[in-house]
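Read through the structure below, which is laid out as structure tokens, and then see the notes.
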Amino acid sequence: MAQPVSPPPGEPSSVHVRAVAVLVVVVCLFGTLLGRLWYLQGVESKAPQLRTAVGEGLQTIYLPAPRGEIFDRNGQLLAGNRVEEVVTVNPGAYAAHPQIARELSALLGEPVPVVTAAMNNPQYSPYQPVPVATGVSQSVVLAIDENQQLLPGVQVQAEPVRYYPHATTMANIIGYVSQITASEYNAFKSETCGAGVPCYQPNSEIGQAGVEATFEKYLRGVPGKEVVQVDSQGHVLATVSETPPVPGDDLVLSVSLRDQTAAVNALQQGMISARTGPVDIASGYHYRAPAASMVVEDPRNGQILALATAPDYNPNDFLSGISVARWKYYNNPANHFPLLDRAISEGYAPGSTWKLITATAQLDYGLRGAYQIYNDTGSFTVGTQVFHDNADSGFGPVDLSEAITVSSDAYFYSLGYQFWQLWAGQKGHPEYLQKMASLYGLGRYSGIQLPGEGPGLVPSQQVFTREHQQYPKAYPDPYFYPGQEVLEAIGQGADSVTPLQLADAYATFANGGTLYVPQVALAIEKPGNGDRPSNRVVKLFTKQVKDHVPMPDSIGRAAMLSGFEGVTTNVALGTAGTAFQNFPLSQYPVAGKTGTAQVGPVFSAVGWPKYIQDTSVFSSFAPATAPRYVVDAVFEQAGYGASIAAPAVRQEYMTLFNLNHPAKKG
Amino acid sequence: MLTRPPAARPVPAPPASGPPAPRRQVAVPAWRHVDLSLVLATAAISALGVLMVYSTTRFGLATAGGNPQSEMKKQLIYAVLGAAAFVGTALFDYRRYLAWAPALYVGSLLMLLATFVIGRRTLGATSWIQVGSFQFEPSEVVKVTLVLSLAALLASRKGEVTGRLLLVVLGLAMVPFLLIFKQNALGSAMVLAVVLVGMLLMAGTRGRHMVALALVAAIGIGGVVQLGVLKQYQKDRLTTFLTAPSGLGQGTVSTSNPYAATIQYNLDQSKTAIADGGIYGKGLFNGLLTNLSYVPNQSTDFIFTSVAEQFGFVGSALLLALFVLVIWRTWRAAVRSRDLAGTLICTGVLSMLTFQVFENIGMTMGIMPVAGITLPFMSYGGSSMVVDWVAVGLVVNVGMRRSS
């Protein structure tokens, strides 16, 4: 203790005693404080509820990643990101300054309730500016900059927005992105990208159709993560950490923009010529030709070069939420459902193009030799039922090659009946024709990486039994009758084949028996630089073998090939001879087959307008000797395959072989 | 050390002669005895206070569109004013202040009374007086004038506290106590009571007198509580810390009593922020809760939470050590004083500082009731800063003028 002034002698130093007592009290009090401090900071600091209490002050904002771009096989941009001016309102600004709703309404030309609803959009984090209008003009940008006193918290930000430069041409392949729906969000919200960052927020964009949907996980990238400090009033005060978003990878398609554009044009012209050409003899009315599709495939690897469908839609309509009017338009039956990708989803009776299957089956099974003559009398009779040729007079004695070239129905009717007899007459005998159809890829999904593919249908007892069991009312009779297989052999009856499956089947024959999985994507690449592909491959999509078809021997295959070639070269008898007149067949021999499929009951049974006109089909490959292209076309209610589909395919070949501008070529 | 003829001069006597003591010594040698460690510790606490005010107010000011440094700068000015007041206080011999004690006492009472007239008009039923653009709290000033008055009075009877003297002293203390109590500044009134008890104890009040006093106090408190003199919110503030859980977590909040709920919330947030600091703290400007205004009153009464969150147990303990240093040096000055009056002045200041630090920090940690008492040298505000520095000035004054 410090030495005080000396106390007066003799007097007991009561003050000293008291002073020490005071000191003891002080020490006790501070000891208490220190003990309590230790309890809170040494012991309670590990309590779990502390973390939740402190976590209130930190909020995480996820920043969307720029989406990968999509290119065609030649590096042409098909889906890109455009920088647009987006008007945003800071969180809380509207609550503090309600007048901005009125000001913005006047500025943007939108009703006040629309602006208010946009500002209150619950899909945005309350710590993030909310977009109110996208793609505003420069004058609006200037007006907002100059009137900040009237518009506190209103900003204009340049944000990347998806756009599709070749809107309708590529719509069915590219698809579109739009804001994630509530059910999608609930399904995907636990998915993480990168280091524990959730891939989706309630306001995220997601691929909804086409390759935008199937290659979503490559295109979407990794969202950025920003942790901000938020005060007790909800103001964002500072950024604690920021991880920038990782842009999505680019997608390079096997599709060629040039070939696709040509296919779309060929479909349009084919539909117009069907509607304006000669009237349908059966109904006496013009053909309706409401819809069509075309597939161009490389038979050597299954790469899709063009996949056109008509009518089509504009994917840009969906970007910032589709308008009610557009949505109604796209779903109105009068407009024939433009959102449907008929090339992959719609099953058609393929008509005589199916004869490829029957011919392969007959030679493989040894049912009838290639040069064995069949006498086509114009019809074929099973029991009491007579099946007529398209040409009532008949073609007389024909071998396989001639039967294909002239499209003799009786030749193939009889084969269909024989296959049915083989199966029906011998227990356990396979349904051979159906088996061959399946090997060619019919009646099953091709596996193309596009959403919404249809499986088609190859009628068989198995299929009929299954349908009857599932839907006894719709299919009361479970039996597979001989007549049904007779029709099946020429691509009629219950046959259902998608244009893509038809192309796959012809590609399989063209390449010598290998069925490939049709492929729309060539590669995933690192993000490119400003609408140009980077050519830095992340993942390569190589050809994928799906099945093998037992090809007939060289004599049999040569007979079939000459039959298909005759279709275009034989001007007098070939069904597409007229269509390919003046086409340089000697240079680019085209092998093909027309198909004219009856769809519904005959006209006399239903009358106009219920009657559905014939489907016009043509399937082909070229050059016939070393095929590089398979092209097929299907036109609904357009009449003969020879008159509409075949010319459309010819038109496509003109582009494929660069024949439209011979001067440039030379 | 206690009784020296010059200090035994009766206080009520008018200061006829200027200097109360034969002044042999000049000012220059006295400065050599300035307790530097006391001054430096106080300055360090004040500097930390300025920093803490900045860390707790900058974001709030910035979001409101203001200058984030504005309150920090004000607090810096208060600290400089405090230092100036300190120098001014230390400059003149404290015995002169003892001679002025009656005038200072009456003057501060008048200011207190003035709050009932001017204060009510300007700021409602608060304890503030507006002078120009500057507000100050007379209840803070009274703390120092009461210390001086009591010291003068108690030392006047040569250290013998008679019953009559005790009654006079009690009466002298009761007037400002009641006035402040009437202002609803319960905390400040409690400080006065503690100062009174501390000084009585040190002055040598007899044991039986102290017992009698304790009885009267107990009866008085009981009466106050029973008769409903305390307002409901005052009771809430006094009792909430008892009903709250001692650790973290939400206490049971009475939904019918919103005021108790806000007290409870303040307490929860305060304890959470302190616990958040852990051993080493979050680092300067990193304490989430105190930097982002999650603790109500965090720049004033609850400023300790920001120290605890940002500097942890280590930093908080260091701050406590600084306060202990200040209080110990004050105690040392009390013991070494050349006269009883000096001892009592130091004791008054010691009682005031000890109680305020214990009550304030204890309140933020949930072991003392929530009362509006500032943390000396740290809480944002000018009145308490200046008055606390004046108090330290008195201690240094006593310390440097001890006999050499």
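The values are calculated or read from the model by the stated rules, or taken from the named source; none is laboratory data. For clarity, every value in this text was computed on a predicted model and none was experimentally measured. Virtual Cβ from ideal backbone geometry, glycine too; neighbours counted across all protein chains shown. The protein model used for the area step is the full one, side chains on, heavy atoms only, and it has no ligands, DNA or RNA in it. Shrake-Rupley method; radii C 1.70, N 1.55, O 1.52, S 1.80 Å.
Summary of computed values
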| read-out | value |
| --- | --- |
| Using alpha-carbon coordinates, inclination of helix A:554-569 to the longest axis of chain A, degrees | 90 |
| Inter-chain Cβ neighbour average for residues B:267-275, partner chain, 10 Å | 5 |
| Choice from B:ARG157, B:ARG95, B:ARG338 showing the highest fluctuation, given a GNM over chain B with Cα pairs closer than 10 Å | B:ARG157 |
| Taking N as its residue count, the alpha carbon Rg of the stretch B:33-400 over 2.2 N^0.38 Å | 0.98 |
| Relative contact order (percent, whole number), the stretch A:425-544, Cα cutoff 8 Å, 6+ residue spacing | 23 |
| The stretch B:33-400: relative contact order as a whole-number percent, Cα under 8 Å and 6+ apart | 29 |
| Share of carbon and sulfur in the accessible heavy-atom surface of the stretch A:86-190 [1.4 Å probe, %] | 54 |
| B:HIS209-B:SER37 FRET efficiency (beta carbon distance; Förster radius 45 Å; 0.05 resolution) | 0.80 |
| Fully extended contour minus Cα-Cα distance, from A:ALA117 to A:ALA605, at 0.36 nm per residue | 170.1 nm |
| Calculated [θ] (222 nm, deg cm²/dmol) that DSSP helices of n ≥ 4 give over chain A, each run adding -39,500 (n - 2.57) | -9500 deg cm²/dmol |
| Cleavage-rule hits, chymotrypsin sites (Phe, Trp or Tyr not before Pro), the stretch A:337-443, DSSP coil, Cβ neighbours within 10 Å at most 14 | A:TYR371 |
| With DNA, RNA and ligands ignored, accessible area of A:TYR475 (1.4 Å probe; Å², nearest 10) | 90 |
| Cα lying deepest toward the dipole's positive end in the protein assembly as shown, options A:GLY447, A:GLN637, B:SER293, charges on Cβ | B:SER293 |
| HN-Hα J in Hz across the stretch A:216-226 - Karplus 6.51, -1.76, 1.60, θ = phi - 60°, x for Gly and Pro | 3, 5, 8, 6, 6, x, 10, x, x, 10, 10 |
| Whether the stretch A:59-253 is rounded, prolate or oblate, judged on the alpha carbon gyration tensor where a/c under 1.5 counts as rounded | oblate |
| Sum of -39500 (n - 2.57) over DSSP H runs of 4+, divided by residues of chain B (222 nm, nearest 500) | -22500 deg cm²/dmol |
| Chain A: angle of helix A:14-38 to the longest principal axis, Cα-based, in degrees nearest 10 | 0 |
| Exercise: per-residue mean of other protein chain Cβ atoms within 10 Å, B:323-334 | 3 |
| Most to least accessible of B:THR239, B:THR300 (protein chains only, probe 1.4 Å) | B:THR239, B:THR300 |
| Length added when fully stretched, A:SER139-A:VAL240, from 0.36 nm per residue minus Cα-Cα | 32.8 nm |
| Per-peptide average of other Cβ atoms within 10 Å, ordering A:134-142, A:79-87, B:347-355 highest first | B:347-355, A:79-87, A:134-142 |
| Exposure ranking of A:GLU226, A:GLU346 by accessible area [1.4 Å probe, largest first] | A:GLU346, A:GLU226 |
| Segment A:ASN335-A:LYS435, length gained on full extension (0.36 nm per residue, minus Cα span) | 32.2 nm |
| DSSP H segments from chain B that extend 20 Å or more along their own axis, Cα-based, with Kyte-Doolittle mean of -0.5 or above | B:36-63, B:70-91, B:94-114, B:138-155, B:163-182, B:186-203, B:207-226, B:258-277, B:304-336, B:340-364, B:382-400 |
| Carbon/sulfur fraction of accessible area - the stretch B:33-400, other protein chains in place, 1.4 Å, % | 70 |
| Relative contact order (%) - chain A, alpha-carbon pairs under 8 angstrom, separation at least six | 14 |
| Among the listed pairs A:LYS328/A:LYS526; A:LYS435/A:LYS610; B:LYS182/B:LYS271; A:LYS225/B:LYS282, those beyond 29 Å (Cα-Cα) | A:LYS328/A:LYS526; A:LYS435/A:LYS610; B:LYS182/B:LYS271 |
| Disulfide-incompatible cysteines by the Cβ rule (no partner under 4.7 Å) in the protein assembly as shown | A:CYS28, B:CYS346 |
| Under-5 Å amide H pairs with A:LEU515, H placed in peptide plane, nonlocal only | A:LYS546, A:ASP547, A:HIS548, A:VAL549 |
| Rounded, prolate or oblate (a/c below 1.5 giving rounded, otherwise prolate when a/b exceeds b/c) for the protein assembly as shown by Cα gyration tensor | prolate |
| Candidates B:SER293, B:SER139, B:SER188: whichever shows maximal mean-square fluctuation once chain B is modelled as a Gaussian network with Cα springs under 10 Å | B:SER293 |
| Relative packing of peptides B:61-71, A:254-264 - highest average C-beta neighbours within 10 Å first | A:254-264, B:61-71 |
| Sparse-neighbour loop sites [trypsin sites (Lys or Arg not before Pro); the stretch A:576-666; at most 12 other C-beta within 10 Å; DSSP] | A:LYS610 |
| Relative packing of peptides A:564-574, A:637-647 - highest average C-beta neighbours within 10 Å first | A:637-647, A:564-574 |
| Most mobile of B:ALA317, B:ALA333, B:ALA173 in a GNM of chain B (Cα contacts under 10 Å) | B:ALA317 |
| Inter-chain shielding of B:343-352 (mean C-beta neighbours from other protein chains, 10 Å cut-off) | 2 |
| Helix A:257-276 axis, angle to chain A major axis (alpha carbon atoms, nearest 10°) | 50 |
